[in-house]
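Taken together, the values in this text are just the output of simple stated rules run on the coordinates, not laboratory data. Treat the numbers as computed from the prediction; the structure is a model and nothing was measured. Cβ sites come from the backbone with ideal geometry, for glycine too, and all protein chains shown count toward neighbours.
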Amino acid sequence: MSTKSLIFGDKVLLVIILLLSLFSFFPVFSSSSYLSYVVDGSSPTYYLVKHLIVLLFGFILLLSIKLVPYKLYKGMSIILLPVGLGLLAYTLSQGTIIGGSTASRWIDIPFVGISFQTSSLAAIIIITYTARYLSKTELSKTKFSETLLPLWLPIFAYVFLIFPANFSSAFLIFSALFITILISGFPLRHLFKMFLILTLLLTIFFLTAKAFPEKFPNRIDTWISRVENFGSNKNLDASYQIERAKMAINNGGLIGIGAGKSIMKNHLPQSNSDFIFAIIVEEFGIIGGSIIIVLYILMLFRILVITHRIDDRFGKILVSGLGIFIVIQAFTNISVATQIIPVTGQNLPLISSGGSSAWMTCISLGMILSVSSSIKNNNSEKE
């Protein structure tokens with residue numbers, strides 16, 4: 001491995017990150033016109049500059065995290081585990097309502113005027129903690145009962161603190177953890193037992209939410225409504241966003257109508273975040289959208305290459321978990337815009353306009369690059 005690889009990590013992955021980030025300025029600037037002229041009257045340039053600042057700070061985080069030896073993340077995950085639980089509990093009880101949402105997903109950072117979505121940080125903490133546990137445990141000889149307190153209790157605690165206010169994030173985090181645990185060699189019989197416990201817990205939650213609706217205002221009804229209206233035109237108000245997204249994709253055709261020329265950006269709320277892929281296809285066509293999809297597939301491929309090349313078990317599991325979570329987010333966003341799945345409210349990593357979610361993605365990628373930069377010497381290192 002070259003000196004540059006030691007400094008920056010996997011160069012191919014870094015190039016993919018840069019390409020996605022640089023491309024993001026086109027759809028963010030274009031789609032911000034809805035916010036500019038319909039919502040708050042600001043100039044589109046304001047959102048472009050804001051996006052630039054977010055990405056610059058994100059890359060500072062990425063490069064800073066990349067310089068931290070990845071094995072230090074083991075100890076850091078133990079320290080941060082209760083911190084993450086505290087933040088999630090506080091967010092659930094005192095979180096900020098943004099954009100009219102009845103779900104408390106954000107907390108305000110004092111003195112800087114920034115709202116922070118704690119579930120993004122929580123995902124990194126619990127994935128890192130899970131990688132630590134799996135890497136130091138001989139899974140084939142471990143009884144299921146022995147995994148309940150050190151593994152499943154923290155996972156369930158994190159997921160169920162996110163679940164009431166943000167079902168989609170809780171589901172994606174658990175899905176990433178499940179896939180990571182599965183490919184790490186966790187016995188299938190133990191996973192089956194875990195699913196029985198999870199089913200019981202979910203049943204208790206839904207029964208409690210139905211019995212005490214004032215404790216979970218509109219959440220159960222919102223989830224049911226999204227599923228019932230998925231693929232249906234009966235409730236036009238509920239399907240407003242997805243219908244406009246489909247119009248945008250239809251307008252784009254094969255090659256698109258041109259950068260900045262989107263028609264539906266002025267009619268599609270969240271066009272710079274949740275539905276930004278629809279604007280990309282409208283302006284750059286199926287070809288442009290396909291290139292974005294290919295870049296995420298290449299990102300997944302490079303993550304697999306890193307996990308194959310590094311011998312350290314913690315490094316393998318950590319990269320797998322973080323990488324899977326990022327890619328799942330990307331394809332969830334794309335699937336919503338193309339009406340493959342119901343609306344979830346997930347951003348498109350490195351492309352959607354945003355703050356805390358973009359920074360957490362950069363931190364995750366910095367951790368992955370930290371692992372990749374250690375590949376040269378990992379054969380001679382032992383735990």
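Taking label points 7 Å from Cα along the Cα-to-Cβ direction, Thr45 and Leu188 give a separation of 6.1 nm.
The loop-placed trypsin sites (Lys or Arg not before Pro) in region 135-170, going by DSSP, that have at most 10 neighbouring Cβ atoms within 10 Å of their Cβ come out as Lys143. Ordered by the count of other Cβ atoms within 10 Å of each Cβ, fewest first, His190, His267, His308, His51 give His308, His267, His190, His51.
Under 11 Å from the Cβ of Ala278, count the other residues' Cβ atoms, weight Lys and Arg +1, Asp and Glu -1, and hand me the total. Once all neighbours under 11 Å are counted, the net charge is -1.
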